[in-house]
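The values are calculated or read from the model by the stated rules, or taken from the named source; none is laboratory data. Only a predicted model underlies this, so the values are computations on that prediction, with no experimental measurement involved. Note that each Cβ is placed from the backbone with ideal geometry, even for glycine, and that neighbours are counted across all protein chains shown. Just the protein is used for accessible areas: all its heavy atoms, side chains included, with ligands, DNA and RNA removed. Shrake-Rupley method; radii C 1.70, N 1.55, O 1.52, S 1.80 Å.
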Amino acid sequence: MRTFCIILGSIAAVLGFLLSFIIESFAYIPVVAGLILGGAALVLSRKKGMRESVPKLIIALSFLAGAITTMNLFKEQKVANDVEQVEKEEKQKEKDLEEIEGIE
């Protein structure tokens, strides 16, 4: 059971880490799975008196993937802000031209 949790937890942690760079919104699913399976492997390792380094590594990698995903979700969307700013400037220019034409 410990080996099963380690294998699946490792796959989930690595998948969560990779998805945190590619598709941010779906990365939380494998991150949570990695945390749960890493925690289960850690508990089983402590009960059997085996090494705890691999389950701790799985948990650490899952936390790292979760932190990167959260950071990417709160990162500013500079392109979207620039497009909105350009649209506002164009509307302002059109209004200014209409005012100038109205004065003449």
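Which of Leu18, Leu8, Pro30 sits closest to the plus end of the dipole of the chain, meaning its Cα is farthest towards the positive end, when Lys and Arg get +1 and Asp and Glu get -1 on the C-beta?
Leu8
Okay, which of segment 23-48 sit inside 18 Å, backbone N to the point 7 Å along the Cα-Cβ direction of Asn72?
23-35
How many Å² of accessible area per residue for the chain, probe 1.4 Å?
So the chain comes to 74 Å² accessible per residue, rounded to a whole number.
Output the 0 to 90 degree angle, nearest 10, between the alpha-carbon long axis of helix 2-22 and the longest principal axis computed from the alpha carbons of the chain.
10 degrees
Taking the Cα centre of the chain as origin and charging only Cβ (+1 Lys, Arg; -1 Asp, Glu), how large is the dipole, in debye to the nearest 20?
2000 debye
May I ask you to evaluate 6.51 cos²θ - 1.76 cosθ + 1.60, the Karplus curve with θ = phi - 60°, for each residue of segment 88-99 and list the ³J(HN,Hα) values in order in whole Hz, giving x for glycine and proline?
Working through the residues one at a time gives 5, 5, 5, 5, 5, 5, 5, 5, 5, 5, 5, 5 Hz.
On a 0 to 90 degree scale, rounded to 10, what angle separates helix 28-48 from the longest Cα axis of the chain?
20 degrees
Counting just the Cα atoms, what span does the chain cover along each of its three principal axes? Round to the nearest Å and put the largest first.
Principal extents (largest minus smallest coordinate, Cα): 90, 15, 14 Å.
Might you report the magnitude of the Cβ-based charge dipole of segment 1-57 about its Cα centre, with Lys and Arg at +1 and Asp and Glu at -1, to the nearest 20 debye? Walk me through the numbers on the way to the answer.
Values: 6 positive and 2 negative charges, 87 e Å.
My answer is approximately 420 debye.
Taking only Cα atoms, what is the 0 to 90° angle, nearest 10, from helix 53-73's long axis to the longest principal axis of the chain?
Approximately 10 degrees, to the nearest 10.
Could you work out [θ]222 nm for the chain from helices alone, using -39500 (n - 2.57) per DSSP H run of at least four and dividing by all its residues? Round to the nearest 500 deg cm²/dmol.
The per-residue figure over the chain is -30000 deg cm²/dmol.
Find the centroid of the Cα atoms in segment 90-104 and in segment 1-71, then give the distance between the two in whole Å.
Using only Cα atoms to place each centre, the spacing works out to 59 Å.
At 1.4 Å probe size, with the rest of the protein present, what percent of the exposed accessible area of the chain is carbon and sulfur atoms?
Solvent-exposed carbon and sulfur of the chain make up 66 percent of the total.
Lys pairs in segment 18-104, Cα-Cα under 28 Å, at least 8 apart or on separate chains: how many?
Count of close lysine pairs: 8.
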